[in-house]
Amino acid sequence: MEKSIIELDNGDVVGYDIDLGNASLILIKSRKAYVMCGYLNMDVANKFGDIAGKITGVKTIDDALNANIIEISEEAKKKGLITGMKARDFLNKLLES
């Protein structure tokens with residue numbers, strides 16, 4: 001597992017890259033929210049009231065930051081976040097509040 005601190009415009013986030021053999025599980029977490037790869041489940045994020053965005057097709061943390069959000073949790077919608085935005089922008093928007 002690789003853990004890295006990532007400096008964004010509005011604060012720092014923590015990236016996790018976990019090698020599962022055939023692919024990596026990628027997660028980028030801020031204080032209030034996270035961006036997850038396709039290995040993780042949005043239904044569960046909604047069940048727990050998480051602010052989450054989902055990305056797919058990424059192999060690295062850098063790929064993940066530049067990927068478009070394809071699905072967001074109900075709590076993320078309440079914060080004015082939308083699908084299609086870059087993961088970096090998704091996290092930055094939450095860090096500014």
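The values are calculated or read from the model by the stated rules, or taken from the named source; none is laboratory data. What you see is a predicted model; the values in this text were computed from it and never measured. Methodologically, a virtual Cβ is constructed for each residue, glycine included, from the backbone with ideal geometry; neighbour enumeration extends over all protein chains shown.
Here are some notes:
- Segment 63-88, residues that are of a type in the set (D, E, K, R), within 15 Å of Leu27 (Cα to Cα) and assigned to a helix (DSSP H, G or I): Asp63, Arg88
- Residue match in segment 24-39 (condition: at positive phi and out of contact with any Ser or Thr (no Cβ under 8 Å at 6 or more places or on another chain)): no
- Segment 75-97 residues that are at positive phi, paired with ones that are surrounded by 14 or more Cβ atoms within 10 Å (Cβ to Cβ) (beta carbon under 8 Å, 6 or more apart): Gly80/Lys93; Gly84/Asn68; Gly84/Ile69
- Filtering segment 21-41 to residues that are of a type in the set (Ser, Thr, Tyr) and in contact (Cβ under 8 Å) with a residue 24 or more places away in the chain leaves Ser24, Ser30.
- Residue match in segment 75-86 (condition: surrounded by 17 or more Cβ atoms within 10 Å (Cβ to Cβ), modelled with pLDDT of 95 or more, more than 18 Å from Glu7 (Cβ to Cβ) and touching a Cys at 6+ places or on another chain (Cβ under 7 Å)): no
- Within segment 28-41, the set of residues being surrounded by fewer than 19 Cβ atoms within 10 Å (Cβ to Cβ) and modelled with pLDDT of 95 or more comprises Lys29 only.
- Residue, surrounded by the most Cβ atoms within 10 Å (Cβ to Cβ), within segment 42-62, restricted to residues that are touching a residue at least 24 places away in the same chain (Cβ under 8 Å) and part of a strand (DSSP E or B): Gly53
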